[in-house]
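Report on the structure given below.
Bear in mind these aren't lab numbers, they're just calculated from the coordinates by the rules spelled out. Everything numeric here is computed off the predicted structure, so don't read it as measured data. For neighbour counting, all protein chains shown are included, and Cβ atoms are generated from backbone atoms with ideal geometry for every residue, glycine included.
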Amino acid sequence: MRHGVTSWNRARRFQGHTDIGLDDEGHEQASRTGQRLRGLPLAAIYSSDLARAMETAAPIARAQGLAVTPEPELRERFYGSFEGRTHDELLRDQAALFERWRAREPDFALPDGGESLRAFAARVERVIRRIAAAHPGARVAVVTHGGVLDCVYRLATGIALDAAREHHLLNASINLISWDGERFALSAWGDVAHLCQADQAPVPVG
């Protein structure tokens, strides 16, 4: 799941490792996500240790009677000097660098120590494989960030890192990924029905 919405999401401001909490709508989205998953048995709940993800995971944990395991490797990509800047600001002030980011150059390291896309994707694959291996045959919830979800989608579908993104990365969306012990596969993506209805049935488990 991606975390609920924040004020920086609305401003199209790069968050990365900057620790931004949910706004009022984000907290409502998190609450509805917890209610949506209340009837779905989970073995564990993992979350990025950043506030916007932990605040999204909290209602899920309450509904399940489980603790949240904070996992720093589930953090968003570290954007270096891009963090705190909006898309419009970067296009105006650092257009060449911004265009390289937008072109999805896998080995372009973002300014001031930011991660390259390839290094970021390797981090995501490492932590997702570790979580899957720790819970064979079980179902776990992972609350994370849009960039992480993008990497997971590509891992499950085989889409290249530098290919244009045509899939949605929706706040508080439920995305189902299966693991057969060797490979990940996509089962469902971008489910936000619970954000449209206050009382939504548990997510299907087929």
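Remark: segment 118-127, residue by residue, has Karplus-estimated 3J(HN,Hα) of 5, 5, 4, 4, 5, 4, 4, 4, 4, 6 Hz, where x stands for each Gly or Pro and the curve is 6.51 cos²θ - 1.76 cosθ + 1.60 at θ = phi - 60°.
Taking amide H positions as modeled 1.01 Å from N, with prolines and chain starts lacking one, the residues under 5 Å from Tyr46 and 5 or more places away or on another chain are Thr69, Ala141, Val142, Val143. What is the local net charge at His87, summed over the other residues whose Cβ is closer than 10 Å to its Cβ (Lys, Arg +1; Asp, Glu -1)? Charge balance near His87 sits at +3. Can you list the residues of segment 105-145 with backbone N under 11 Å from a point 7 Å past the Cα of Glu73, pointing along Cα to Cβ? What the label zone holds, given the 11 Å backbone N cut-off, is 122-134. Within the shell defined by Cβ-Cβ distances under 14 Å, the residues around Leu50 carry a net charge of -3, with Lys and Arg each +1 and Asp and Glu each -1. Per-residue ellipticity at 222 nm from helix content only, as computed over the chain with -39500 (n - 2.57) for each DSSP H run of at least four residues, stands at -11000 deg cm²/dmol.
For the chain, the relative contact order works out to 27 percent when only alpha carbon pairs closer than 8 Å and six or more residues apart are counted. Net charge of the neighbourhood of Leu66, taken over other residues with C-beta under 14 Å away and scored Lys/Arg +1, Asp/Glu -1, is +3. What residues from segment 117-142 fall in the zone where the backbone N is under 14 Å from a label point 7 Å along the Cα-to-C-beta line of Leu186? Correct set: none at all. A DSSP coil position with no more than 10 other Cβ atoms inside 10 Å describes the following trypsin sites (Lys or Arg not before Pro) in segment 137-201: Arg183. Quick one: helix 24-36 against the long Cα principal axis of the chain, what's the angle to the nearest 10°, folded into 0 to 90? Tilt relative to the chain: about 40 degrees. Segment 128-165 and segment 6-62 have Cα centres spaced 17 Å apart.
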